[in-house]
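Take a look at the structure set out below.
Throughout, read-outs are computed from the coordinates displayed, never taken from laboratory work. Computed from a prediction, not measured in an experiment: that's the story for all the values here. Neighbour counts are summed over all protein chains in view; Cβ atoms, including those assigned to glycine, are modelled from backbone coordinates with ideal geometry.
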Amino acid sequence: MEVFDPRYCADLGSGFIIKWADAHAARAYATLCDVVFRRSADAPLRTTNADTVAEWMQNHPLVGEHDIAVVVDQDDVVVAGAILLRQPMDYAGIQLYVGRPEMVVCHPDFRNRGFIREIFRLLHAKSHARGDALQGITGIPFFYRQFGYAYAIDFDQQCVVRFDSLTALASNSSPVHLRRARPDEYHEFVRLYDADRLNRGLLCTTPFERSYYTHLCTNSTSLTMFDLLFMTNAHHEVIGYLLVHRANYGTNICVLGAGVATGVSWQQMLTPIIQALAVYRSHIVITNPDIHALTGVNFVLDSIHPIYTQVQHGYAITTEETYAWYVRVADFARLLTALIPILEARVHRSLMIGYTGTLSISCYGSGVVLEWQDGRLSTVRNTRPPIMGEGADACLPHDTFLMLLFGRKSLTDIRFWHHEAHASTEATQLLDILFPKQPSWFQWMN
């Protein structure tokens with residue numbers, strides 16, 4: 001029986017079994033999430049994470065019927081688990097699907113037994129079987145590297161603007177009002193959202209499918225998610241959108257996405273937008289009993305968002321460096337085959353138009369070969385090159401090739417910091433064309 005079969009289970013020894021969760025085990029896993037993720041061992045138990053799992057189990061557009069893997073003891077008590085979401089990604093106009101392990105938990109009494117490794121084995125097998133091009137996760141620094149992940153896709157950059165800094169800023173613009181998007185306004189929302197994500201030179205972005213939009217507007221109550229808000233002017237005309245997290249981020253309201261209509265100026269509208277968010281904060285659920293008021297707005301956006309340029313002028317801000325997604329690609333040939341149209345287009349627009357030749361890339365133990373004929377990528381195949389990389393046109397440690405492929409680092413960046421990375425003159429020229437450095441905004445969906 002294949003490991004992704006819903007009936008699969010395996011003995012892990014000492015009375016422990018790994019399996020795909022049924023309804024009973026899924027509910028127990030949900031409770032375990034709240035136990036493990038609470039702020040301290042003696043903190044009161046909250047249901048925020050259990051409520052999210054319950055929402056995932058009810059015809060959620062990103063989750064299937066048997067997408068929770070659990071480890072249970074001999075009494076069928078869940079001691080570890082994780083769920084696998086399936087989220088769309090737009091890579092330069094090509095739609096891919098990403099398997100996303102989430103809510104990875106293990107009871108403290110049962111750690112260091114390899115249970116999470118076994119759970120990831122199941123999740124990866126299911127993700128591959130259903131055709132996902134890659135897996136992505138955020139979370140514990142360094143931890144997920146042991147399962148083949150590396151930081152490779154831009155996630156967000158954070159900037160906090162304090163509400164009390166607005167008193168010193170004058171605005172000649174009309175006030176902005178915020179309202180929730182309705183289920184029947186999908187096309188209006190996507191028009192604004194796509195104009196924002198597709199017209200700013202971003203490589204990897206998140207397309208908003210109608211099923212997910214409808215879910216957020218009608219069925220979703222989880223505090224781990226965001227609300228879709230329209231910004232309107234005094235005439236009730238829609239002038240932009242915001243993605244606003246339903247719960248607090250520390251002492252701040254959190255904005256995860258922001259875009260304005262054509263002809264609307266960020267320079268003129270940013271202060272009214274922040275003022276509108278100061279009013280809207282009464283709708284935010286504060287989950288930490290030690291926090292009594294929200295004092296600012298935390299913009300959690302892509303690194304080149306125009307808001308970050310505008311807030312440099314007169315606003316009291318604090319910033320954090322860009323965060324990144326952990327990414328795992330087990331089959332480079334599958335992913336690169338899906339990307340053939342964009343790779344061929346990049347060559348066609350370059351000095352190497354009509355290129356014929358072979359590009360062999362070694363990741364020191366794994367690798368991929370790209371065979372070109374008259375500017376067309378005719379063959380993409382995985383290889384097992386020598387461990388020292390002998391004979392390859394380019395040698396790139398596995399995590400650095402991921403950074404290159406997803407635009408996070410240029411080949412020049414990688415070669416400066418990683419002495420194991422090198423390439424021939426022709427390979428360098430071709431890799432620079434195929435994989436230019438480019439920011440991303442891959443927005444998580446829950």
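Odds and ends about this structure:
- FRET efficiency for Phe110 and Arg162, using Cβ-Cβ distance with R0 set to 35 Å, rounded to 0.05: 0.20
- In summary, the lysines within cross-link reach of Lys409, defined as a Cα separation below 24 angstrom excluding same-chain residues under 8 places away, comprise Lys437.
- Here the 3J(HN,Hα) profile of segment 238-248, calculated from phi with Karplus coefficients 6.51, -1.76 and 1.60 at θ = phi - 60°, is 6, 10, x, 9, 9, 9, 10, 5, 6, 10, 6 Hz, Gly and Pro shown as x.
- Size descriptors for segment 9-137, from the alpha-carbon set: Rg then Dmax equal 15.0, 49 Å.
- Among Val105, Phe37, Ile137 - extreme Cα towards positive end, dipole of segment 9-137, charges at beta-carbon: Ile137
- Dipole magnitude for segment 331-434: computed about the Cα centre from +1 point charges on Lys and Arg Cβ and -1 point charges on Asp and Glu Cβ, it is near 240 debye.
- Around the amide H of Met231, modelled in the peptide plane, lie the amide H atoms of Ile239, Gly240, Tyr241, Leu242, all under 5 Å away and 5 or more residues distant in sequence or on another chain.
- For Gly389, the amide hydrogen comes within under 5 Å of the amide hydrogens of Gly365, counting only partners 5 or more places away or on other chains and with H modelled in the peptide plane.
- Under Karplus coefficients 6.51, -1.76 and 1.60, residue-wise ³J(HN,Hα) of segment 290-299 in Hz, glycine/proline x: 7, 9, 10, 7, 9, 10, x, 10, 9, 7
- Size of charge dipole - the chain - debye, nearest 20, with Cβ of Lys, Arg +1 and Asp, Glu -1, no other charges: 280
- Based on Cα contacts under 8 Å between residues 6+ apart, the chain shows a relative contact order of 16 percent.
- With both residues required to sit in segment 331-434, DSSP beta bridges show an antiparallel share near 90%.
- Dividing the summed -39500 (n - 2.57) terms of all DSSP H runs of n ≥ 4 by the residue count of the chain sets its mean residue ellipticity at 222 nm at -8000 deg cm²/dmol.
- DSSP bridge pairs, segment 206-360: antiparallel proportion in percent, nearest 5: 70
- Fewest-first ranking of Val368, Val255, Val264, Val279, using other Cβ atoms within 10 Å as the exposure measure: Val279, Val264, Val368, Val255
- Karplus-based coupling profile of segment 34-46, in residue order and whole Hz: 5, 5, 6, 8, 5, 5, 7, 4, 9, 6, x, 6, 10, with θ = phi - 60° in 6.51 cos²θ - 1.76 cosθ + 1.60 and x standing for Gly or Pro.
- For Lys19, a cut-off of 15 angstrom between C-alpha atoms picks up these aspartates and glutamates, skipping any fewer than 8 places away in its own chain: Glu2, Asp5, Asp11, Glu65, Asp67, Asp73, Asp75, Asp76, Glu118.
- Computed over the Cα atoms of segment 302-388, pair by distinct pair, the Kirkwood hydrodynamic radius stands at 16.3 angstrom.
- Shape of the chain, Cα gyration tensor, a/c cut at 1.5: oblate
- By the count of other C-beta atoms within 10 Å, a proxy for reagent exposure, Lys437, Lys126 are ordered fewest to most as Lys437, Lys126.
- Residues whose amide H falls under 5 Å from that of Cys254, counting only those 5 or more places apart or on a different chain, are His245, Tyr249, Asn298, with hydrogens built in the peptide plane.
- Toward the positive end of the charge dipole of segment 157-324, with +1 on the Cβ of Lys and Arg and -1 on the Cβ of Asp and Glu, the farthest Cα among Val264, Phe299, Val238 is that of Val238.
- Think of each Lys and Arg Cβ as +1 and each Asp and Glu Cβ as -1; about the Cα centre, that makes the dipole of segment 157-324 roughly 180 debye.
- The DSSP beta bridges internal to the chain are antiparallel in roughly 90% of cases.
- Linear extension gain, Thr319 paired with Glu65, 0.36 nm per residue minus alpha-carbon span: 87.4 nm
- Neighbour-count ranking [beta-carbon atoms within 10 angstrom, fewest first] of Trp20, Trp441: Trp20, Trp441
- Net length available on complete extension from Val36 to Asp5 is 8.4 nm, with 0.36 nm assigned per residue and the Cα-Cα distance removed.
- The mean sequence distance of close C-alpha pairs (under 8 Å, at least 6 residues apart), as a share of the length of segment 341-438, puts its relative contact order at 25 percent.
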